[in-house]
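FYI, it's all coordinate maths here, none of it is from the lab. These numbers were taken from a predicted model, which means no experiment stands behind them. Because the Cβ atoms are built from the backbone with ideal geometry, glycine has one as well, and the counts that use them run over all protein chains shown.
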Amino acid sequence: MRSCGELLEAPDDFCLALSYNPGYQSVLKDLKQSTRQRFVALEFDYPNAALEQKIVEKETSVDADQARQLVKFAHMTRNLKGQGLDEGASTRLLVHAAKLMVSGVAPVTACRSAIAQALTDDSGMLSAINELSASLF
């Protein structure tokens, strides 16, 4: 048993990963500056359209045209950020919609169920997002 003053050494292959998304934090839950300075920060953004399409295809087996349309739809929703929508469609939501589509759900219904309703419960914004998907599918 180690004593309180004894130094503990981590093995060479030890790795600690911390996920922190400051965009979702409130003032009360924000990390202290001294805590943030203990980590290396990596910023992630959405993949480019071609890569995002490949991800959706690979994860779901949806055809290339439908994956391309889903990615286009996601970009349209992302353009609504700050105009009544906090966040646009994530790649994860596209995968959920594509899985529904592969299982036989109509694309507009899949987008409404897996994407639009996950993004907002505001009736006006839901209507706008559903119109976007209807314009593509």
If one compares the long axis through the Cα atoms of helix 91-102 with the longest principal axis of the Cα atoms of the chain, the angle in degrees, nearest 10, works out at 40
Mind putting together the pair-distance distribution for the chain? All Cα pairs, 5 Å bins, whole percent per bin, short to long.
2, 9, 16, 16, 14, 11, 10, 7, 5, 4, 3, 2, 1, 0
How much mean residue ellipticity at 222 nm does the chain get from its helices, if each DSSP H run of length 4 or more adds -39500 (n - 2.57) and you divide by all residues, to the nearest 500 deg cm²/dmol?
-13500 deg cm²/dmol
GNM top mover of ASP12, ASP122, ASP65 - the chain, alpha-carbon springs below 10 Å:
ASP12
HN-Hα couplings for segment 7-17 via Karplus (6.51, -1.76, 1.60; θ = phi - 60°), in whole Hz with x for Gly/Pro, come out as 7, 9, 10, 7, x, 4, 8, 5, 9, 10, 10
What is the distance, in nm, between label points placed 7 Å from the Cα along the Cα-to-Cβ direction at VAL40 and at LEU8?
2.3
Expressed as an acute angle from 0 to 90° and rounded to the nearest 10, what is the orientation of the C-alpha long axis of helix 49-60 relative to the principal long axis of the chain?
90
Can you tell me the dipole magnitude for the chain around its Cα centre, using point charges on the Cβ only (Lys, Arg +1; Asp, Glu -1), in Debye to the nearest 20?
160
In degrees rounded to 10, the 0-90 angle between helix 64-78 Cα long axis and the longest Cα principal axis of the chain is 70
Take ARG78, ARG38, ARG68 and order them by how many other Cβ atoms sit within 10 Å, fewest up front.
ARG38, ARG78, ARG68
Dipole-positive endmost among ALA64, HIS75, LEU42 within segment 36-75 (Cβ charges, Cα centre)
LEU42
Residue with peak Gaussian network fluctuation, the chain [Cα springs, cutoff 10 Å], from ALA118, ALA67, ALA97:
ALA118
